[in-house]
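The values are calculated or read from the model by the stated rules, or taken from the named source; none is laboratory data. Values in this document were obtained by computation on a predicted structure and should not be read as measured data. Here the Cβ is made from the backbone with ideal geometry for all residues, glycine too, and neighbour counts use every protein chain on show. For the accessible areas, the whole protein counts, side chains as well, though only heavy atoms, and no ligand, DNA or RNA atoms are used. Shrake-Rupley method; radii C 1.70, N 1.55, O 1.52, S 1.80 Å.
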Amino acid sequence: MLVLGIESSCDETGVALVRTREGGVPQLLGHALHSQIEMHRAYGGVVPELASRDHIRRVLPLAREVLASSSAALADVDVVAYTRGPGLAGALLVGSGVACALGVALSRPVLGVHHLEGHLLSPFLSADPPEFPFVALLVSGGHTQLMRVDGVGRYELLGETIDDAAGEAFDKSAKLLGLGYPGGPQLARMAEYGDPQAFELPRPLMHSPNLDFSFAGLKTAVWTASQRLGSQPCEQDRANLAAATQQAIVDVLVHKSLKALKATGLKRLVVAGGVGANAALRAQLDAQCAKRRVRVHYPELHLCTDNGAMIALAAAMRLQAGRAEAVRDYAFDVKPRWDLASV
Ligand code: KG4
Ligand code: ZN
């Protein structure tokens, strides 16, 4: 079975084709991505209306590119999958509209996928795929969650952020440091030559008894520290503050992940979402987990941030596991807010 997947929830248009395999992880035949970063950069963040319009421009050419690179024809596609939510409503409507139109035209069923389930399952496309059950740390621009994952579609929320997401903390702090959009990768680059000890920043909720997170206070502390540096801080001060910010975020994420592993007794951790690309987070999780004989799995670096491959994969894995049915109901709706534990 061939599944075409379309991702358009935020500022990346992604299309991919996967083939299901008897008893195995679906095989990625091809994927193509267009990032809108350059377009939004001038505005310092994602402009939803521009994002929607750009998805419209990109999605069909990307689909053609994927089919050509996979030596497949549109008529070979058995199921058309798309990101149904969460995300920007207008952006989601583009992907779901195109997917359903293709479904009608080809007389093929469609399947709406949860964006975070895509992230969560994306490490299955890596050379070292995980096995169920595991603890998942989902860290993206809009979400920070710890989940217990017992199988496809069997997700239990262990804890989540009560305010900002980890990616948001990176992005907002980067802005305070005068760095452009998207802030996470830029802050991480600047942190490489900074001293994380140079500033003392809070680790909100790190020692709370539950597995929830909070990053809003950290952003305020970074703002206060940046104000103290004056209007024209030197490069080293900025790098030190970037390093201290990254360290505070990473400390909390690592500490809570270890706590979730301990609480569940599981020995496997999967890290997914854009912040999962952060090298300091990876290094510190690897070191701490190695000490505890916990295996850590990541998606391949290029599949950490939004992409179509994870959407096609999640749809194919759901169908294989009998956890979803593709339907010939093309009256699509989108879910800009959607709880993963409810899928
Ligand atoms: O998963 P994602 O691509 O989109 C959402 O679903 O939100 O995550 C985007 C987030 C942004 O906040 C971005 O700054 C952050 O991931 N990010 C990083 C890095 N790469 C992306 N944060 C820290 N270090 C990175 N290397
Ligand atoms: Zn995402």
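Over what distance in Å are the Cα centres of the stretch 81-128 and the stretch 234-261 separated?
33
Which listed residue (Gly274, Pro233, Ala216) has the Cα farthest towards the positive end of the charge dipole for the stretch 131-298, taking +1 on Lys and Arg C-beta and -1 on Asp and Glu C-beta about the Cα centre?
Of the candidates, Gly274 comes out farthest on the positive side.
Among rounded, prolate and oblate, which fits the stretch 239-319 when a ≥ b ≥ c are the square roots of the eigenvalues of its C-alpha gyration tensor, a/c under 1.5 means rounded, and a/b larger than b/c means prolate?
On the way: a/c = 2.48, a/b = 1.27, b/c = 1.95.
Cα axes put the stretch 239-319 in the oblate bin.
Hey, which of these cross-link pairs are over 28 Å Cα-Cα: Lys175/Lys256; Lys172/Lys256; Lys172/Lys262; Lys175/Lys262; Lys219/Lys256?
Numbers: Lys175/Lys256 26 Å; Lys172/Lys256 22 Å; Lys172/Lys262 31 Å; Lys175/Lys262 35 Å; Lys219/Lys256 19 Å.
Correct reply: Lys172/Lys262; Lys175/Lys262.
Express as a percent, rounded to the nearest 5, the fraction of DSSP beta bridges in the chain (both residues included) that run antiparallel. If you can, show how the numbers build up before the last one.
Working: 28 of 45 bridges.
Percentage antiparallel, nearest 5: 60.
For the chain, what is the per residue volume of the convex hull drawn over the alpha-carbon atoms, in cubic angstrom? Please report the intermediate quantities before stating the final value.
Working: hull volume 43.0 nm³, N = 343.
Taking only Cα atoms, the chain has a hull volume of 125 Å³ per residue.
List the GluC sites (Glu not before Pro) in the stretch 131-203 that DSSP assigns to loop (not H, G, I, E or B) and whose Cβ has at most 13 other Cβ atoms within 10 Å. Which are they?
On the way: sites: Glu131, Glu156, Glu160, Glu168, Glu192, Glu200; in loops: Glu131, Glu192, Glu200.
For GluC sites (Glu not before Pro) across the stretch 131-203 that sit outside H, G, I, E and B with at most 13 neighbouring Cβ atoms in 10 Å, the list reads Glu131, Glu192, Glu200.
Above 30 angstrom, tally the Cα pairs of the stretch 131-298 and express them as a % of all pairs, no decimals. Provide the component values of the computation, followed by the final result.
Numbers: 2203 of 14028 pairs.
Value for the stretch 131-298: 16 percent of Cα pairs lie more than 30 Å apart.
Provide the gained length on full extension for the span Glu192 to Cys234, in nm with one decimal, where the gain is 0.36 nm per separating residue minus the Cα-Cα distance.
13.6 nm
Would you please name the trypsin sites (Lys or Arg not before Pro) within the stretch 27-120 that are DSSP coil residues with at most 16 other C-beta atoms within 10 Å of their C-beta?
Values: sites: Arg41, Arg53, Arg57, Arg58, Arg64, Arg84; in loops: none.
Of the trypsin sites (Lys or Arg not before Pro), not one in the loops of the stretch 27-120 has a Cβ with at most 16 other Cβ atoms within 10 Å.
Compute the long axis of helix 216-228 from its Cα atoms, compare it with the longest principal axis of the Cα atoms of the chain, and write down the angle in degrees, 0 to 90, nearest 10.
Helix 216-228 and the main axis of the chain meet at about 50 degrees.
For the stretch 131-298, with only Lys/Arg (+1) and Asp/Glu (-1) charged at the beta-carbon, what is the dipole magnitude about the Cα centre, in debye rounded to 20? The partial results should precede the final answer.
Numbers: 19 positive and 16 negative charges, 116 e Å.
Magnitude of the dipole: close to 560 debye.
Measuring from label point to label point, each 7 Å out along Cα→Cβ, what is the Arg64 to Ala331 span in nm?
3.4
Return the carbon/sulfur percentage of the accessible area of the chain, one whole number, probe 1.4 Å, all protein chains in place. Mind showing how you got there, number by number?
On the way: 7410 of 14310 Å².
In the chain, the share of accessible area belonging to carbon and sulfur is 52 percent.
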